[in-house]
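Data first, discussion second: the structure below is written as structure tokens.
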Amino acid sequence: MALSSPMGAALMRRKRRIVPTARDLLQDEFSAVCGRREEAEGPGAEEQPPHGGRQLRQRSKAKTRTLCPGIQRVFFQEQGSIKCRGRRVNQIHTNPNVFEVYDFLTEGEMEHLDLVISSQQRKKGGFKASYTDTDTGDKVISEERTSTFFYVQKFGDSKVRAIEARAAEMIGLPAENVEPLQVVAYRDGQQFTEHHDAGTLCGDDGMEQVEEVSPFRLVTLFLYLNTLPPGQGETAFPRLNINVRPERNKAVVFCNCDENGRVDLRLTHAARPVDEGFEKYGMNIWITDSSLTHLIQSKCGVQPSKEIAAGGGQKRKRLILKGLQNSWEEGEDTPLPHATASAATSSGTSRKPKQAKRKKDTKDKSAAAS
């Protein structure tokens, strides 16, 4: 098999144990934005990296960086102090500090995202297969990451701006440092094996390192958009021996570096598989060390208002996340039906059996009265 082929490149990558990360997945559409910036800056400008400003670099030694006081306060005190506008916060691990934040979105923001996700799910190609780039430039669909995803336009509307600002505010950085929100979906055994959000995890056991990518993802906030039963789609931190269960509107928050700004290998994590019949939706919110204002006017990614308007009068009748939540509340350990345009996951469909039962009870009472 030719190593230049996509399958050959994938085999070589697995042989070298180079595990793809979420960093590899910013779209070519962001590359176009950076290309335009390079042309505008002229031949003397610094070379622009691919994938929305991300540049893979091999580290010859561990790189240090100065962290803002907010990150120091939250992640490098024994009992980290994280505040999120009155939300309930639970610290689930110390050194390194890992937190759960409950009810991160408002109900209005949750429904807003539900409308966008439902529109994308019904659209052919709305969710794209996760891929990784090889040394030869091939885009490989790997066995390590099998989910699907789409990006939301940065500062796409008022609700998106509010979400980005709330995440950045927790650690004292501006909203401009937040990457475009990435919505991910898992089903039918899909997973993301152990990886690190700061770059590509490579090397053998005991000799592992992370090839950093710029801009550096200082903090990860992963938001669960629906609830799943224990053992389904959990976020596992194998080096910390903790697992986080998906619960609707709960976020897990952690810092990808140590107090000196070096990559912290303890924060490798994995998205456990989702069995057939279940679905997991989530959203990555990555807070970086750089301003990404050049993406605000790029029109790259899904434009929320446009997607919602495209749903027309049917937009509220087939909400994916609402349907999954209704299914979960009715039977916690029952596999959830796939959320498609024709699946029985809408709130209206789930109420029909109850309505039929109420009608039958009324007839029985009338007969008894007569």
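The values are calculated or read from the model by the stated rules, or taken from the named source; none is laboratory data. Predicted model only: the values in this text are computed from it and were never measured. Heads up, the Cβs are rebuilt from the backbone with ideal geometry, glycines too, and the neighbour counts pull from every protein chain shown. Just the protein is used for accessible areas: all its heavy atoms, side chains included, with ligands, DNA and RNA removed. Shrake-Rupley method; radii C 1.70, N 1.55, O 1.52, S 1.80 Å.
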Go through region 71-101 and give me each residue that's within 13 Å of Val219 (Cβ to Cβ), part of a loop (DSSP other than H, G, I, E, B) and under 23 Å from the mean Cα position of the chain (by Cα). Ile82, Cys84, Pro96, Asn97
Residue check for Ala185: at pLDDT 90 or above, within 24 Å of Ala251 (Cα to Cα) and part of a helix (DSSP H, G or I): no
When region 235-246 is checked residue by residue, the ones that are more than 21 Å from Glu276 (Cβ to Cβ), of a type outside the set (A, V, I, L, M) and not in a loop (DSSP other than H, G, I, E, B) are Phe237
Of everything in region 191-205, what is surrounded by fewer than 21 Cβ atoms within 10 Å (Cβ to Cβ), assigned to a loop (DSSP other than H, G, I, E, B) and not charged (D, E, K, R)? Give them in sequence order. Gln191, Gly203
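Here is a yes/no grid of residues against (1) in contact with a Lys or Arg (Cβ under 6 Å, 6 or more places away or on another chain); (2) at pLDDT 95 or above; (3) buried (at least 19 other Cβ atoms within 10 Å of the Cβ); (4) not in a loop (DSSP other than H, G, I, E, B):
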{"position": "Arg248", "(1), (2), (3), (4)": "no, yes, yes, no"}
{"position": "Ala251", "(1), (2), (3), (4)": "no, yes, yes, yes"}
{"position": "Phe254", "(1), (2), (3), (4)": "no, yes, yes, yes"}
{"position": "Arg266", "(1), (2), (3), (4)": "yes, yes, no, yes"}
{"position": "Gly277", "(1), (2), (3), (4)": "no, no, no, no"}
{"position": "Lys280", "(1), (2), (3), (4)": "no, yes, yes, yes"}
{"position": "Met283", "(1), (2), (3), (4)": "no, yes, yes, yes"}
{"position": "Ile287", "(1), (2), (3), (4)": "no, yes, yes, yes"}
{"position": "Gln297", "(1), (2), (3), (4)": "no, no, no, no"}
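Results for (1) without any contact (Cβ under 8 Å) to a residue 40 or more places away in the chain; (2) in contact with a Leu (Cβ under 7 Å, 6 or more places away or on another chain); (3) not aliphatic (A, V, I, L, M), shown as yes or no for each residue.
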position: Asn90; (1), (2), (3): yes, no, yes
position: Val101; (1), (2), (3): no, no, no
position: Val116; (1), (2), (3): no, no, no
position: Gln121; (1), (2), (3): no, no, yes
Test: Asp157 is out of contact with any helix residue (DSSP H, G or I) (no Cβ under 8 Å at 6 or more places or on another chain), over 22 Å from Glu100 (Cα atoms) and either among the basic types (Lys, Arg) or in contact (Cβ under 8 Å) with a residue 60 or more places away in the chain (or both): no
Does region 206-234 hold any residues that are farther than 23 Å from Thr64 by Cα, open to solvent by 10 Å² or more (accessible area, probe 1.4 Å) and in a strand (DSSP E or B), and which are they? Phe222
Touching a helix residue (DSSP H, G or I) at 6+ places or on another chain (Cβ under 6 Å), open to solvent by 50 Å² or more (accessible area, probe 1.4 Å) and at pLDDT 90 or above: which single residue out of Glu169, Glu176 fits that description? Glu176
